[in-house]
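Please read the structure below before turning to the comments.
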Amino acid sequence: MRDGALEADEVHYAARGKDRAVSSWGLDACAMNQGVLTVATSAPPWNEEGMRRAVMRIALLASAALLSMTAAWIDEPWWTRHVVVPACYLPPPSWMLSLTRIGLAVLATLLALVAWKARAPDRGGAARIAIAVIAALVVSELGLRAVEQPRHTARHPRIEWLLGEPDVLTGWRFVPLRTLRYGVPGGGPVVEYAVDAHGNRAPSSAFVEDARAPTLVVTGESMAVGHGLEWRDTFAAQAAERLGLQVVNVAEGGYGCDQALLRARDALARLQRPVALVSTVLPVQLHRNLNDARPHLELRDGALIESPAFRPRILLRELIVDDLQVLPEWRLQRALRLTRAILEATVREAQLHGARPLFVAPLFEPEPELVRELLEGLPHVAVRLAPERILPWDGHPDPRGARQIADAIVAALQRPPEESSWR
């Protein structure tokens, strides 16, 4: 009994003398009951609830730190390389970068506050949170599907939506033998767009290409189509007239480089005397070429493979993966490798049919480093368009801007061809 009392005294002494240590280990009280020492303790700090709280706070604080570092990291050069050049058709407003950085900083602050104030949920609460997150994703997907409308009914529909139809090879193309007179709502003249029997923009829907005639083949995106311009004002019509060639224009609005190659390949196969293949290349096509929501080309083990659209179609995924206008460095490098492979394949396709390849890069800003890197060693011309040469209601070159592009094409094709260094 004496030994038991002495032991209890020692425990009480330790509790009084080392409050913080006792508290840290959860020792609340000691009692002696019939020679038996009873010690009451609270839960140790690293119990299940404490672990959940720690994990939650670490995750939230890590996310906040990542957002803060991103806000500090995306300076003007980063923004230009990863957003403006490869993902935007027209340069975004100058304040967009500041707004993005402020938004990231605010979001980081909110996450840090949540980490400080939030309590860790129990198992039931964690399950409810998981169910709520899944439900939110499902509701978001259903909401996107509910508000989705046919593209041709949009307030400012694109020409390819009004004149186009689904295509298993490229995703979309013009409907053959159609004519549309269209003016952009709120401004701009009414322009006639005629499509021939092959689904190409032409002088009229009655135009019949001559497979035996010397031909200038034009492919690419909306600038090559001549959005906002009458046929005679397009750079394709102007260049062909000055070169004395028939023109076959297989370009389509919104096309990536892979779609342009596939349409050019089809035209070259049926033409007997293609003289030149001119393809527009815009920096924004780096972003478009990664779009897997449509039939597309993928680079696998150094070879270009035709791949179908991603299925099942998930609009929330498309919004994040395909529509978000930013290319982190790893995606940018992937886009550069893929696009370079497509451009080299375009050169080979033209040469296979005896045509001279030429890439045209119409630019709104000084030639970016990404464009020089992409086109190095390939036959190309870069054309800097002044702001006054852009149709204000359309965002495409006006007749004088198209003439500037045609001038560059004619001058390049009249010079002796140079050896390509990419081989």
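Hand me the list of helices (runs of 4 or more DSSP H) wholly inside region 310-409 holding 3 or more residues that are over 20 Å from the mean Cα position of the chain (by Cα) and surrounded by fewer than 18 Cβ atoms within 10 Å (Cβ to Cβ).
329-352
In region 151-171 there is at least one residue matching the filter, namely being modelled with pLDDT under 95, out of contact with any Gly (no Cβ under 9 Å at 6 or more places or on another chain), exposed (fewer than 13 other Cβ atoms within 10 Å of the Cβ) and of a type in the set (Ser, Thr, Tyr).
Just to check your reading of the model, which residue among ASP292, ASP258, ASP233 is among the charged types (D, E, K, R) and surrounded by 24 or more Cβ atoms within 10 Å (Cβ to Cβ)?
Answer to the check: ASP258.
The values are calculated or read from the model by the stated rules, or taken from the named source; none is laboratory data. Keep in mind the model is a prediction, meaning the values are calculated, not measured. Methodologically, a virtual Cβ is constructed for each residue, glycine included, from the backbone with ideal geometry; neighbour enumeration extends over all protein chains shown.
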